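Below: one structure, written as structure tokens.
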Amino acid sequence: MVYVKSYKELEVYKVSRELALEIFIITKSFPKEEKYSLTDQIRRSSRSIGAQIAESWGKRIYVKHFVSKLTDADSEQFETQHWIEVSKECNYIDDETRLHLLNKCESIGKMLQSMINKANLFCK
């Protein structure tokens, strides 16, 4: 296993940042009336994925705390999936965009689960 020195080097962190940026760009075209509801919710949950991963890195001294933060990140990616589905139902995104974003979320979820399963390898 290749050891990383920072959470910024983790592939899951990089992909989570890409997802958050894509969602930010896509939601710029959402209607103004969604600014404080759907737009805010999907941006917040997608950005929180990376934030939880970063926070988990600081908790590596305790395996249970590390895993707890990773499960928080996973919860945020599931919430983001929900908001993606709502965005499609409201016709704010097309099906191709929906599938692309959901695939990215699922990939993040798999990487997080792998980290959870191998938490001892990441913790000090």
**OP:** Quick one: go through the range 86-124 and flag any residue whose amide nitrogen is under 11 Å from the point 7 Å out along the Cα-to-Cβ line of VAL63.
**Re:** 117-124
**OP:** For the chain, set up a Gaussian network in which alpha carbons nearer than 10 Å are linked by springs, and say which option among GLU18, GLU34, GLU55 fluctuates the most.
**Re:** GLU34
Original post:
Expressed as an acute angle from 0 to 90° and rounded to the nearest 10, what is the orientation of the C-alpha long axis of helix 38-58 relative to the principal long axis of the chain?
Top reply: 10
Subject >> Residue among CYS90, CYS123, GLN77 farthest towards the positive dipole end of the range 75-123, charges placed on Cβ >> reply: CYS123
Original post:
Relative to the longest principal axis of the chain, what angle (0 to 90°, nearest 10) does the C-alpha long axis of helix 95-117 take?
Top reply: 20
Subject >> Option label - P(r) over Cα pairs in 10 Å bins from 0, in percent computed here, alternatives (1) 12, 45, 30, 12, 1; (2) 14, 45, 26, 13, 2; (3) 12, 40, 32, 13, 3 >> reply: (2)
Original post:
What angle, in degrees between 0 and 90 and rounded to the nearest 10, separates the Cα long axis of helix 11-27 from the longest principal axis of the Cα atoms of the chain?
Top reply: 10
**OP:** Just order 9-16, 59-66, 111-118, 44-51 by mean Cβ neighbour count inside 10 Å, highest at the front, would you?
**Re:** 44-51, 9-16, 111-118, 59-66
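We did not get these values from a lab; they are worked out from the coordinates using the rules stated. Remember, it's a predicted structure, so these values are computed and weren't measured experimentally. Cβ sites come from the backbone with ideal geometry, for glycine too, and all protein chains shown count toward neighbours.
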